[in-house]
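The values are calculated or read from the model by the stated rules, or taken from the named source; none is laboratory data. In this text, all values refer to a predicted model and were calculated from it rather than measured experimentally. All Cβ positions, even for glycine, are placed from backbone atoms using ideal geometry, and neighbour counts span all protein chains on display. These area figures cover heavy atoms from the full protein model, side chains too; ligands, DNA and RNA do not enter into them. Shrake-Rupley method; radii C 1.70, N 1.55, O 1.52, S 1.80 Å.
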Amino acid sequence: MKKSFLTSLLLVLPLFLSSQAIDKKEVLDHMILANGYFMKKWPDVGKTIITNKERPSNIWTRGVYYEGLMALYQIWPKEEYYKYALDWANFHEWGFRYGTANRNADDYCAAQTYIDLYNLEPQPHKLRKTKATLNMLLHTPQLDDWSWIDAIQMGMPVFAKMGVLENDDRYFEKMYQMYAYTKNQHGDNGLYNPEDALWWRDKDFDPPYTEPNGEDCYWSRGNGWVIGALAKTLSIIPTNAPHRAEYIEDLKAMSHALVPLQRKDGFWNVSLHDPKNFGGKELTGTALFVYAMAYGVNNDILDKETFLPVIEKGWNAMIKEGLQDSGFLGYVQSTGKEPKDGQPLSKSKIPDFEDYGLGCFLLAGSEVYRL
């Protein structure tokens with residue numbers, strides 16, 4: 001009896017210890033710290049973003065931040081978070097960088113937060129421009145808008161949210177058709193490689209392009225955008241929504257492919273199949289992988305015993321190495337589309353934009369908190 005009990009205990013102990021290693025209150029404290037740093041640094045929600053040129057503050061980088069802020073608001077509904085998002089939407093008149101006749105998902109990414117704010121306090125003017133853009137996309141025949149995989153994250157959840165809001169499956173169907181075109185047709189044979197269960201960033205990186213070691217080029221954050229979009233979309237659409245099963249299978253396949261690629265320190269490299277091509281800690285891809293895997297565990301899509309240690313390791317790596325005492329996030333790769341962009345990284349280097357890395361971190365924290 002004692003031996004049997006001891007054997008059973010030893011089998012479950014690693015999982016028990018793993019689940020105890022992340023403290024729920026500490027997760028929230030870390031999210032609040034990182035977000036507080038950014039809000040203090042950017043008190044003016046309408047201030048333009050100046051890097052190599054001046055850009056308005058409703059571009060995709062800021063849109064991703066506000067996705068994260070709304071995820072934080074869901075679990076810690078401080079009025080200042082709501083006001084910060086609402087002031088941003090009001091400043092931009094609930095619109096997009098280049099107006100409503102705009103097919104670029106980078107620009108209508110802001111609609112994810114506009115719809116969230118509308119759902120909290122419905123007023124027709126808030127979504128007039130979002131509906132105009134989405135209806136234009138819905139009623140025109142193009143399916144090839146998402147020619148780079150980042151666009152899947154920027155655009156897909158907007159269609160999902162609008163389909164739920166309007167109770168209209170046409171948004172779900174158009175969303176799927178655009179996703180499937182990127183997956184199966186862009187480039188030579190689509191941007192998804194089912195053999196490796198990973199995605200090439202765009203047609204410039206599918207074969208015969210290779211990394212220095214001869215492997216295919218799978219950019220960490222690009223794959224993070226896809227798996228993050230799958231998790232976000234699955235969290236929005238109804239359980240009987242069309243094509244849901246395919247999204248689940250894609251999320252599962254990607255998750256299993258990513259497990260053996262995780263670094264010993266918990267991060268993922270910027271180049272998933274060539275660790276020597278600008279190898280090193282990188283937070284944005286790591287955050288998006290943690291977000292999607294934690295969502296998968298929380299919703300019984302992924303096996304807890306397999307993925308909880310991976311999630312724990314990734315989250316703790318970001319906290320121990322990426323999150324500084326000030327709330328600044330280090331090891332964030334600047335904007336770009338491949339491993340060499342924004343290099344080298346460090347714990348103190350400021351990326352060209354500080355907002356989207358924080359958005360990814362807050363999305364990850366929101367799901368880790370639910371664990």
Worksheet item: What FRET efficiency, computed as 1/(1 + (r/R0)^6) with R0 = 25 Å and r the Cβ-Cβ distance, is obtained for Ala21 and Ser346, rounded to the nearest 0.05?
Response: 0.45
Worksheet entry | Compactness of segment 232-343, expressed as Rg and Dmax over alpha-carbon positions, Å | 15.0, 45
Item to complete: Determine, at each q value in 0.15 (inverse angstroms), the log₁₀ of I(q)/I(0) that the Debye formula gives when each Cα of segment 81-128 is one equal point scatterer.
Response: -0.35
Fill in: Using θ = phi - 60° and Karplus 6.51 cos²θ - 1.76 cosθ + 1.60, couplings along segment 114-128 (whole Hz; Gly, Pro as x)
4, 5, 4, 5, 4, 5, 6, 8, x, 8, x, 5, 5, 10, 4
Item to complete: Grab the other residues whose beta carbon is less than 12 angstrom from that of Tyr108, score K and R as +1, D and E as -1, and report the net.
Response: +2
Worksheet entry | segment 15-80: trypsin sites (Lys or Arg not before Pro) in DSSP coil with no more than 16 other Cβ atoms inside 10 Å | Lys47, Lys53, Lys78
Worksheet item: Sequence-distant or interchain residues sharing an amide H contact under 5 Å with Leu198, placed H: which?
Response: Asn193
Worksheet entry | Where segment 102-182 is the region considered: accessible area per residue in Å², 1.4 Å probe | 35
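Compute for segment 226-291: radius of gyration divided by Kirkwood radius, i.e. Rg/Rh, restricted to C-alpha atoms, rounded to two decimals. All intermediate terms of the calculation are to be shown ahead of the outcome.
Values: Rg = 13.8 Å, Rh = 13.0 Å.
Taking Rh as the inverse mean 1/r over Cα pairs, Rg/Rh reads 1.06.
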Item to complete: Consider a paramagnetic label point 7 Å from the Cα of Asn240 along Cα→Cβ; state which residues of segment 166-189 have an amide N under 18 Å from it.
Response: 166-173
Item to complete: Could you list which residues have their amide H under 5 Å from that of Gly342, counting only those 5 or more apart in sequence or on another chain, with H placed in the peptide plane?
Response: none
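Size of the dipole of the chain about the Cα centre, Lys and Arg at +1 and Asp and Glu at -1 on the beta carbon, nothing else charged, in debye to 20?
Here the size comes out at about 780 debye.
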Item to complete: List the aspartates and glutamates whose Cα lies under 17 Å from the Cα of Lys232, skipping any in the same chain that are fewer than 8 positions away.
Response: Glu67, Asp106, Asp116, Asp150, Glu173, Glu246, Glu249, Asp250, Asp300, Glu367
Discussion item. Run the numbers for Asp265 and Lys53: contour at 0.36 nm per residue of separation, minus the present Cα-Cα distance, in nm.
Written reply: 72.7 nm
Worksheet item: What fraction of the Cα pairs in segment 95-190, stated in percent, has a spacing above 23 angstrom?
Response: 19
Worksheet item: P(r) of segment 156-244 in 10 Å steps, Cα pairs, percent per bin?
Response: 17, 43, 27, 11, 2
Worksheet entry | Stokes-Einstein D (µm²/s) once Rh is taken as the Kirkwood radius of segment 277-361 over alpha-carbon pairs, at 4 °C in 1.567 mPa s | 96
Worksheet entry | Gap separating the Cα centres of segment 246-262 and segment 312-371, nearest whole Å | 21
Worksheet entry | Cα principal axis extents for the chain, largest first, Å | 68, 48, 44
Response to the item:
If unit charges are put on Cβ atoms (+1 for Lys and Arg, -1 for Asp and Glu) and the dipole of the chain is taken about its Cα centre, the option from Leu345, Trp315, Leu33 lying farthest towards the positive end turns out to be Leu33
Response to the item:
Expressed as a percent, the accessible surface of segment 164-269 that is carbon or sulfur, using a 1.4 Å probe and the full set of protein chains, is 46
Response to the item:
Taking segment 140-288, the whole-percent share of alpha-carbon pairs separated by over 18 angstrom is 56
